[in-house]
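Below is one structure; the comments refer to it alone.
The values are calculated or read from the model by the stated rules, or taken from the named source; none is laboratory data. Quick caveat, the model's predicted, so the values are computed rather than measured. FYI the Cβ positions are ideal-geometry reconstructions off the backbone, even for glycines, and counts take in every protein chain you see. For accessibility, only protein heavy atoms count, side chains too; no ligands or nucleic acids. Shrake-Rupley method; radii C 1.70, N 1.55, O 1.52, S 1.80 Å.
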Amino acid sequence: MDAQFDEQMMQRAVQEARAAADAGETPVGAVIVDENGDILAAAGNAPISTNDPTAHAEIRALRAAAQKLGNYRLAGASLYVTLEPCAMCAGAISIARIARLVIAASDPKGGAVWHGPKFFEQPTCHWRPDVAQGPFADEAGQLLKDFFKERRARNM
C-alpha cells in the first residue's frame, strides 16, 4: 500500500470516528482492508450504545471482517485506526494476525502500542504487525479534544 492509499483509508477511519462522536461515543474509527486493498470492514466506537465494554472501533471492525471472511485470522489484512489501540485491542489485533497496523494519533494515557505496556514488544506476544504512523494524526487528535471539551462543558 502506498501513502495515497493510506491517506484514503485513514480518511475513511476519520469518518467513522466522526459518526461515533455524532452518536455520543468517543470518536475513534477503524477500517480493515485485505491485501488487495478492498475494505473488509469499517466501524466506530460503540460501547455506550451497545452496552458492551469491548465495542471499541478496532474490535468491531475485527469482528465484522472475520465474519465476512469466515475466519478469525485476517492474515494479510491492514488495520487503519484513528487512535493508538489499547491493550485489549492490541491483543485482538495480534490474535487476528493483522499484517499491518496504521495509527493516526498516539495515546500516551491509554495506548498500548507506543505507550504503556507496548504490547507488541512483549515476549508473550505471538504475532506482531508492522506498525506505521499514519496520516491525520492532528485531525484525529483534535476530534478527541473537541469531543471531551464539549462533554466537560455539558457536565458543568
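Given (1) assigned to a helix (DSSP H, G or I); (2) of a type in the set (Gly, Ala, Ser); (3) in contact (Cβ under 8 Å) with a residue 60 or more places away in the chain; (4) under 20 Å from GLN133 (Cβ atoms), identify the lone condition not met by ALA90.
(3)
Please state which one of ALA42, ALA23 is touching a residue at least 24 places away in the same chain (Cβ under 8 Å), open to solvent by 10 Å² or more (accessible area, probe 1.4 Å) and over 10 Å from the mean Cα position of the chain (by Cα).
When all the criteria are applied, what remains is ALA23.
What are the residues in the range 98-134 that are in a strand (DSSP E or B), charged (D, E, K, R) and free of Cβ contacts under 8 Å to residues at least 60 places away in the same chain, if any?
Within the range 98-134, just ASP130 meets the criteria.
Of the numbered conditions (1) of a type in the set (S, T, N, Q); (2) open to solvent by less than 20 Å² (accessible area, probe 1.4 Å); (3) assigned to a helix (DSSP H, G or I), SER49 fails exactly one; give the number of that condition.
(2)
So which residues in the range 135-156 are more than 18 Å from ALA20 (Cβ to Cβ), not in a helix (DSSP H, G or I) and not polar (S, T, N, Q), if there are any at all?
Result: PRO135, MET156.
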